[in-house]
Structures are given as C-alpha cells and as structure tokens.
1. Tell me, what is the FRET efficiency for Asp445 and Ile503 to the nearest 0.05, using R0 = 41 angstrom and their Cβ-Cβ distance as r?
2. Might you report the magnitude of the Cβ-based charge dipole of the stretch 378-524 about its Cα centre, with Lys and Arg at +1 and Asp and Glu at -1, to the nearest 20 debye?
3. Can you spot the aspartates and glutamates whose alpha carbon is less than 13 Å from Lys216's alpha carbon? Ignore those fewer than 8 places along the same chain.
4. Can you tally the net charge around Ser106? Count Lys and Arg as +1, Asp and Glu as -1, for every other residue whose Cβ sits under 11 Å from the Cβ of Ser106.
5. In debye, nearest 20, what is the charge dipole magnitude of the stretch 110-175 about its Cα centre with +1 on Lys and Arg Cβ and -1 on Asp and Glu Cβ, if you could check?
6. Going by average Cβ neighbours within 10 Å, how do the peptides 436-443, 466-473, 382-389, 336-343 rank, with the highest at the top?
7. In Å², what does the accessible area per residue of the stretch 148-280 work out to with a 1.4 Å probe?
8. In terms of the Cα gyration tensor, with a ≥ b ≥ c the square roots of its eigenvalues, is the stretch 367-460 rounded because a/c is under 1.5, prolate because a/b exceeds b/c, or oblate?
Amino acid sequence: MPRTGHRLQGFRALALALALVLAAAACTSAGDGPAAPKSRPASMATGNPDRQHPVAAFLQPAREGVMMADAAGRTWKAADLPPSTATSSFDTERLPSELAWSPDASRLAWIDPGGVGQTGQIHLLDVRSGRLDSRPCPCAGLGFLGEDAVSLATDGRSLLLFPPGGKARRIALDKRLSPYSQLATGGADDVILFSLLPEGGDIHRGEGTLVVADRKGTVRPLLADEGTTSFAEARRKPGGDTVAWADLESSGACWPLQTVKTHPGTSGSGAHRSLPDDAAFRHALVELPRMVTHLAWAGDGLTLTYSALSACQVMSPERVVSYYLRDGRWTYLGNGMLGIAFGAEGRVVRLKDPVYGKADITETADPTTGTLTLTTGGGELVLGKGVSLFALTPAETAAARPPKASAAQPAARVAAVDDHGAGLPAAVRKLARDIADAAGRGDTDRLVELCDPCSTGEHEWIRSDDGPRNVLRAIRTHPLRQPGGGLLYPGLTTCVDEPNQDISCTPQHLHDAAALRLKPGSAPGMEYGGSAYSASDAVLVPLTLRLEKGRARWTGLAAG
C-alpha cells in the first residue's frame, strides 16, 4: 500500500515528521461487510519479466528486497535492502516508508530512515540498467521535482536534488522551515512541503502548514488564511496540481483521527474534507479512532483505505474499508484490504490477507503486511507475500478508469458461530433462522409458537409493537455459551476494544456492536477509558436457546 505498511506506513511518515512526538501505531481490519475477493489467486505468473516496463514496485521485507512487477504479473528483485534495515519484519522504523517513481518511471527512489543521531540513506535505482546509486542523505520526505529526485534537508534550509546521472545539489530556500518539517510530495515544476509550526497558542502538537517551493527556492503558502493541518502522507495527481493528504485531526498514539483532505493546488485555496457515511464505514467501527493506511490516485479520483489500529484495537478484516473518491462521491470497494490501486487496461492491485488476531503471531508473521495480487485479464495473480507497501507507476495511475462499486453489503443473517468464533450446531442455526424469518415478517403467532416453553409475560412481550423487531436484532447477533448448554443472544455484555485485556472484544463482539449501532464509552467501574461496548446500551432483552438431546429450543428471555 503506497506509503503505508502497517505499523501503518502512513503513521510512520507522521512519526518521522513529528520527530517521534507520536508513538508508533498499526492498522488492519474487522467487521461484517463485503470483503476483498475471497477466491484464492490461481497462480504466480511464469516466463521472463519485462524489466524495461514495470507497472508496480513493492517492498518485501522477508526477502530483503525491493521488488517489481510487469503488466503480466511477472516479478523480479530490483534491489536488495541493506541487511541492517530488514533484520525483522517488525523493525518498521528501519524500513523505507515510501517508494517514489519518477514521472516516466525510469527511476525509483526510497530512503532508509536514519537512527537517532544518524543520517539515513537515499537509494536511486535506474530501472532500465538496474544500477543502484546509494548515498548518505540528511533527508526528510521524498518525491520528484520533474525528473530529479528531491527531498528536504533535515535542517529545513534547502531542497536536496538528485538529477539522473548527475551530481547532487542543493536549492537554498528563501524561508527556512522548522526542524522536523518534510517534503510532502513532488510535482512537475514545484514541490509541496509540510512545515511544522512551533507549539503554543492555537497551534497544537504536530500541527503545521503546507507550503510550495519551486526550483528557485521561493516558498509560498498553499493553504488559505494561514491554514494549519497535520500531515502523514500526501499524493499529487499525476500530470496535475491537485494534492491529497492524510490529516491527523487529533493527536495520540492510540486515539488518532485521520481524514483525507484534497486541495486544488492553487495557493490560497481551501482544502476539502469529506468522509464516507455508508453502512460499510459505520460497520468497520472506524469513525473514532481511525487511520488512513493507503492513499493513491486513480485517474481523476483517489483510492483510500481507512482502518482501525492494530496496535491498539482488536482487529479483523472488516475493520479495514476501502473506497474510491471522486468529486465528493464515495464508491465502496470492499473490506479486508490494506490497500487497493487501479492501473491501465483494467489492472487492479490489492494488498490483502493480513495476519492478525492469531495467538501464534511471531516476528516472521507481521500483521502489518499482506499478500499483493494483480488482477488482469480476468485472473488474479500473486505478486508477493509479506508485502508492506507498493506503488504503481504514474502512467498506470493516470490511466486508471473509475472502478465499479463492490457488491452491496450482504443482508444481515443469523450467525453460524458463537461469540468466540466456534461453530454452532446445525439444529441451533436452523431454529435461529426460523425465529429470524418469523420476526422479519412480524409473525407474532409463529414467534409465540417457537418460544416454547415461555411464560405469559414473555409471550406478551413478543406480541408488543417492538417485540418482533427486538427479537430480530437479538437473534442476528452471536450467542454466548452458558454452563449447561444454553445459548444467550446476544453474547455481548460488555467488552473492551483493546487487545490483550481480560474482557477484550472478539471480532464477533465488534460485529454485533456495529450491527446494534453501539457507541464506544467507558465501562462502569473499569479503567478502560472510552473503548468499551455494552449491549445494555441497545436496551436489548437477550434471548435464550437450548440444545437438548440434539433438539434446539427457544426457552424464553434472559431478562424482563
């Protein structure tokens, strides 16, 4: 995913920009919406790759390599990562956070971040010859100014230019930027810089502004009325001036709130902020907090992915949700992908299948990486596994056509597993479906017939105006197994959306919290801040089902 590779590459860029002001955070997914394609990729492409015409580059930490792929999905190792930067797939602060293409895709650049008190290296790859030029660089951010690779010197005084086949040089800026500022994104004739502002007054931690610098070193403001923003990553439209970036609207390692903003690129204009507001976004539970784990242009629109934080929240595929944004309109693309990008001739690249939520995760199974695939010619090919980030060439992104929306979110249905993911007996599933069907029709006579034995008071509750609706809400959740074989719908009582806690939410709990439209709050009497979900907030009366000698029965209500 371009510039985001969980420990969120986007957050890594932010952490670099703020000089370790914010702690490292991760992102991935969870929920109950349409997912990325479930079909297993059929194969890996065979044959000799076209090394002169790559369409994508990607980082594969386990192979200690920068990889490339051609339009047919054939891959090759374009360059080695220095061993010191790839000692562990979790050593994210030592891995490049971005792969930057020159406009004609003849060069690829990346930076190995330096440690405390050290200078990192910039790497410049000549794609056609395969020659790699690496040199120390006190660099902050990366892009291209025309065909020249460019960065901002860490002292904020100058741009650092690396022409093709030429000697590096500096362009002194007519206005010095604060330390920990950085180059946000390149352009044909100028570049955009994030200028960090001193904290105090109305300026909060990590806030700054965006400015434009040209080849003469002239610096001018980009945002209207001395506007401020924070910055994690930015993308300029290929062949245009429009810029999009991830703005961190609130600080905090485990409570960030990122939103994508767009700007026409004309100095003095205002930025446009928008968020999706569909069922998939609400179901992903990323309204607060959230991170942008992927951002890329696709023709005249953007592809982007919003995610919860894998370092701070319970994760599952539904908690990562991807969209295409154009002219303020959102097109839902699916869940469970760390990134998705569109190229020429209908090519689609997806970074999906992250490993998380498993008790046996080791340092060789990084939950911030996934499998990179290429869909082309109606088939899906594996480009690589354990991929942390990828970038399509400018020509690919510029030629992308608006994608079609993913299939609508499937209709709610009864669960096949309990609140911890264990399968339910077939008899229980059948009874639950019968209850849901009757409740959906508002057939209270059938519901009373199914609720056996139930008290007169329970039958009266079922026949009430809201009875069928409340029965339907409950029976579509995941049940809790009780001692003695009983099942309680919903199984969610109170859980905390934090990993490794004694009452951490399961993915099933989070699915139910989203389905019931619960809002996070403080658990009474518990030290869990505002990350707890409680089914009592839905004013929901639990249902009890029991399996007796292979026969499932609805035995009544657990309360009321």
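1. It comes to 0.55.
2. 540
3. Within the straight-line cut-off, Lys216 pairs with Asp174, Asp189, Asp190.
4. On the way: positive: Arg107, Arg128; negative: Asp104, Asp126, Glu147.
Once positives and negatives cancel, what remains is -1.
5. Working: 8 positive and 7 negative charges, 31 e Å.
Using Cβ point charges on Lys, Arg, Asp and Glu, the stretch 110-175 gives about 160 debye.
6. Numbers: 436-443: 16.9, 466-473: 18.9, 382-389: 22.6, 336-343: 27.4.
Ranked by mean Cβ neighbours within 10 Å, highest first: 336-343, 382-389, 466-473, 436-443.
7. 43
8. Cα axes put the stretch 367-460 in the prolate bin.
The values are calculated or read from the model by the stated rules, or taken from the named source; none is laboratory data. All of these numbers come straight from a predicted model, not from anything done at the bench. Methodologically, a virtual Cβ is constructed for each residue, glycine included, from the backbone with ideal geometry; neighbour enumeration extends over all protein chains shown. These area figures cover heavy atoms from the full protein model, side chains too; ligands, DNA and RNA do not enter into them. Shrake-Rupley method; radii C 1.70, N 1.55, O 1.52, S 1.80 Å.
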